[in-house]
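What follows draws every value from the coordinates through simple rules; no lab data is involved. All of these numbers come straight from a predicted model, not from anything done at the bench. Cβ placement follows ideal geometry from the backbone for every residue including glycine, while neighbour counts extend to all protein chains displayed.
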Amino acid sequence: MRHTTFRQLEIFEAIARLGSFTRAAEELHLTQPTISMQMKKLADAVGVPLIEQVGKKIYLTEAGRELAQAAREVFDVLERYEAAVAERRGLKKGRLSLMVITTASYFAPRLLGEFARRYPGIEVALSVTNRERVLASIAENLQDLYFLGQPPEELVDVVAIPFMENPLVVVAAPDHPLARRRNIPLQRLAGEPWLMREAGSGTRKALERRFAEEGLTPNVRMELGANEAIKQAILAGLGISVLSRHSLVLHPPGQFAILDVEGFPIRRQWYAVYPAGRKLTPVTRTFLDFLRAYGRSHDAGAH
């Protein structure tokens with residue numbers, strides 16, 4: 001087998017697949033005498049007959065069937081390799097359009113910066129908006145990829161890939177009376193004034209589900225459309241809220257108190273989402289691989 005050539009395997013695989021010397025010769029643009037000569041050399045190299053001819057029909061011997069399977073596996077591996085090389089060539093230049101919900105804006109630029117350093121020829125466009133607009137964009141298949149804090153229940157035919165933890169914590173002003181309490185029952189917080197994102201927000205839905213599990217309803221004092229507005233309201237003593245821990249990473253330690261509440265943090269994931277029918281570009285597929293690796297290396301920092 002050491003003296004078997006790649007061309008001989010290619011010819012044999014075509015004969016095995018097409019069941020004909022003539023059709024294999026046509027497919028490979030070779031003459032039939034060339035096909036016959038190469039198959040004789042291959043059989044001599046293997047040491048056993050690979051093909052039997054009965055009348056005008058040809059059949060593979062057991063050794064021939066095994067070699068045909070091995071040849072297909074070799075070609076499959078080479079095709080995957082060629083595809084990987086093509087993708088790497090494609091990543092010398094390209095474009096990635098990403099739309100994320102506002103909470104993801106606390107880590108998405110840093111994540112994209114790392115990706116851009118690795119692939120400096122890639123042009124990246126980042127849009128930050130609320131969940132409702134993200135869902136509308138997904139429905140119209142406008143961007144390459146989207147970041148959401150939970151898979152879109154409102155939409156079918158989407159792919160949602162978890163890539164990093166997104167723990168939700170209860171946040172209060174540092175001088176809040178409960179700031180130094182431990183194991184605070186959720187019922188104790190039901191009467192507290194809550195600062196909430198708009199209806200439809202994934203963070204708000206997660207909090208309302210947690211309260212509903214205990215038969216409780218949060219006392220909503222104020223609705224605000226952005227996490228930064230909620231933080232300012234917390235510091236002004238207007239109430240408490242639930243936020244992604246990622247939204248606090250840029251603040252100095254001690255600026256906010258994370259309350260020790262039973263059942264918190266709520267363990268969630270960040271998801272990379274795209275319409276199921278969208279054909280992913282090499283850049284997008286590479287970015288998804290990058291996301292998974294990034295998430296594994298950064299999950300420890302989310303606790």
Label point distance in nm, Gln255-Val54, each placed 7 Å from Cα along Cα→Cβ:
8.2
Among bridges DSSP assigns within the chain, what percent are antiparallel (round to 5)?
55
If r is the Cβ-Cβ distance from Glu198 to Ala84 and R0 is 45 Å, what FRET efficiency results, to the nearest 0.05?
0.55
Tensor-based shape of segment 153-303 (alpha-carbon gyration tensor, a/c under 1.5 rounded, otherwise prolate or oblate)
prolate
Amide H contacts under 5 Å for Val124, restricted to residues at least 5 apart in sequence or on another chain and with H modeled in the peptide plane, are Leu96
Sequence order, segment 257-269: Karplus ³J(HN,Hα) from phi using 6.51 cos²θ - 1.76 cosθ + 1.60, θ = phi - 60°, Hz rounded, Gly and Pro as x, gives 9, 9, 6, 8, 10, 4, x, 10, x, 7, 7, 10, 10
What does the extension gain come out to for Gln232 and Arg110, with contour length at 0.36 nm per residue minus their alpha carbon separation?
41.6 nm
For Ala160 and Leu18, FRET efficiency with R0 = 30 Å and r from the beta-carbon atoms, rounded to 0.05?
0.10
From the phi angles alone, apply the Karplus equation (6.51, -1.76, 1.60; θ = phi - 60°) to segment 50-61 and give each ³J(HN,Hα) in whole Hz, x where the residue is Gly or Pro.
10, 9, 10, 10, 10, x, 9, 9, 10, 9, 7, 6
Amide H neighbours of Ile51 at under 5 Å, excluding residues fewer than 5 places away on the same chain, with H built from the backbone geometry, are Thr61
Note, Pro193: beta-carbon cut-off 14 Å, +1 each Lys/Arg, -1 each Asp/Glu, net 0
Along segment 13-19, Karplus-curve 3J(HN,Hα) (6.51, -1.76, 1.60; θ = phi - 60°) to the nearest Hz, with x for Gly and Pro, reads 4, 5, 4, 4, 6, 8, x
Helix 202-213 versus the longest principal axis of the chain: what is the Cα-based angle in degrees, 0 to 90, to the nearest 10?
70
